[in-house]
1. With an 8 Å Cα cut-off and a minimum separation of 6 or more residues, compute the relative contact order for the stretch A:3-65 in percent.
2. Can you give me the long-range amide H partners of A:Asp106? Hydrogens built in the peptide plane at 1.01 Å from N, cutoff under 5 Å, separation of 5 or more residues or another chain.
3. For the stretch B:82-232, give the magnitude of the charge dipole about the Cα centre (Cβ charges: +1 Lys/Arg, -1 Asp/Glu; no others), in debye to the nearest 20.
4. May I ask you to derive the relative contact order of the stretch B:1-106, considering only C-alpha pairs under 8 Å and at least 6 residues apart, and to give it as an integer percent?
5. If R₀ is 56 angstrom, what is the calculated FRET efficiency for the pair A:Glu77 and B:Ser245, using the beta carbon separation as r and rounding to 0.05?
6. In debye, nearest 20: dipole of the protein assembly as shown around its Cα centre with unit charges on the Cβ of K, R (+) and D, E (-)?
7. Where nothing but the Cβ of Lys and Arg (+1) and of Asp and Glu (-1) is charged, how large is the charge dipole of the stretch B:3-67 around its Cα centre, in debye to the nearest 20?
8. The stretch A:87-106 to the stretch B:208-236: how many Å between their Cα centroids?
Number of protein chains: 2
Amino acid sequence: MIQSVDRSIRILTALQGARRMSLSEIAERLELPPPTVHGIVRTLVAHGMVVQDHTSGRYQLGPAVLRLGNVYLDTLELRSRAVTWAEELGRRTGFAVRVGVPLAEDVIIIHHEPRPDGTRQMPEVGIVIPTNASALGKAMLAFLPDAADQLLAGPSLRSMTGETITDPGEFRKQLDDVRASGLAFECDEAVLGESSVAGTVFDGTDLAVGAVAIVVPTSEWPVDDGTVDAVRTTARTVSRELGASRWPAG
Amino acid sequence: MIQSVDRSIRILTALQGARRMSLSEIAERLELPPPTVHGIVRTLVAHGMVVQDHTSGRYQLGPAVLRLGNVYLDTLELRSRAVTWAEELGRRTGFAVRVGVPLAEDVIIIHHEPRPDGTRQMPEVGIVIPTNASALGKAMLAFLPDAADQLLAGPSLRSMTGETITDPGEFRKQLDDVRASGLAFECDEAVLGESSVAGTVFDGTDLAVGAVAIVVPTSEWPVDDGTVDAVRTTARTVSRELGASRWPAG
DNA sequence: AATATGATTCGGCATTATCGAATAATGCTC
DNA sequence: GAGCATTATTCGATAATGCCGAATCATATT
């Protein structure tokens, strides 16, 4: 791990949490002397990864990170394969669809298909949700044993609502169920009033690379078997397109 | 400029251009020995900025850059102010609307309002267009003299189509026109069949921070005065919301 | 099985980044 | 509007750090 590169990424991550920070705030947060931080930040600014507000002197993320993010989406094979099937799933079930991949202890949404009923919704691509509080996360974690152990080895499971699973034993038990079926469920665990059903997606090496989920208002929960089937079919189809030999794989 | 941080960003930029690269390809591109690149890449991988394909060993951008890009959009005041007015502009003119900010010698799209006629379109947020080949770019450059000089000091203006302005004299002349009116025009210069009208957006310090544009099929070009007026009004309104004292400022 | 290609590890060396101290810039207070 | 406080930035000596040649390991190819 090379020190200054590691520090530069931690600076970006700090700015990601706090939007705008003065140099000394960043320095304090990372427990580094201001001149050290300054050197790194200057380099980031030179590349547009960070911009400095002319008036306040504070720093924030810059446009170059947006370009990187956009290119990332373009390179993702999972995304290009999933888009058409996500649309199909949305049409069939009438619910919004999300496709996500793991990012440390979170899931990051790489595609979002709004509810077909035309409800005006926020675009959700790029947002992150704790793995333990989402069906998407559980669907992936069940087939990524290392990641699951790592998460459970941490201090504690992050709680988002009163319904979030925070007990490690209960969590492991749920993962066992997911491993058997390839499907994960969640009711009010991330956001109150929002539940979801997710299916794991595997790639050509039969490893879990992501998950696809429908987002259901809790008022319409639980969903019928046909809807669950549609999620299963979508996850299986996308996996097959990526070259997976069986579903669920693992 | 800190060497290793600079190199790490150049690695990310290389991956941005070539999607997937082997370690030695990256090393060759940056003219560095493979072990040097390896150390940096390892650090990037540890943070999810880059991922390594299990089978081929090749590297590509990772999900962490997407999160950064998403947070960048959230922090941008220009974007939050512009969305509602972009929607209004789209409704009034019937054309797709783009909002962009400068990024080195390009414009990067930070908001895209699709044509209201419901035509299924690619989401364009995050794509970049050369400043000299777009109305958005000209609208910004006219009020950023340093950036314009820097661009013209370069080897030559990038040509995208046969219509792209590549003559420095002609380009300067166009910028003079933009400076007088606050509006920039472009016909087939970036993409054949696509033309646009852009207005400069200024912030509370009366500096150009971005531009808003409508995208017009060349078959409907030129547009009528009312449409041009609508772009002017939108650019002026957004600038005022950001605290600009007059329009065009500069 | 042998070879070639490319990824990764190791470690000594010199470049390089680090950080204390000083300076400049900015904003606040009275 | 002067003086003070806060914060950003520059400079440079120091030694810590990352760099990269050589060796090793893993994988693909013939």
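Any read-out appearing in this document is the output of simple, stated calculations on the displayed coordinates, not a laboratory observation. Model, not experiment: these values are computed from the prediction. With ideal geometry, Cβ positions are generated from the backbone for all residues, glycine too; neighbour counts draw on all protein chains shown.
1. Averaging sequence separation for qualifying contacts and normalising by length gives 34 percent for the stretch A:3-65.
2. The list, which skips near neighbours in sequence, is A:Thr131.
3. Working: 11 positive and 24 negative charges, 43 e Å.
Using Cβ point charges on Lys, Arg, Asp and Glu, the stretch B:82-232 gives about 200 debye.
4. 19 percent.
5. 0.65
6. On the way: 48 positive and 64 negative charges, 138 e Å.
Dipole of the protein assembly as shown, to the nearest 20 debye: 660 debye.
7. 180 debye
8. That distance is 36 Å.
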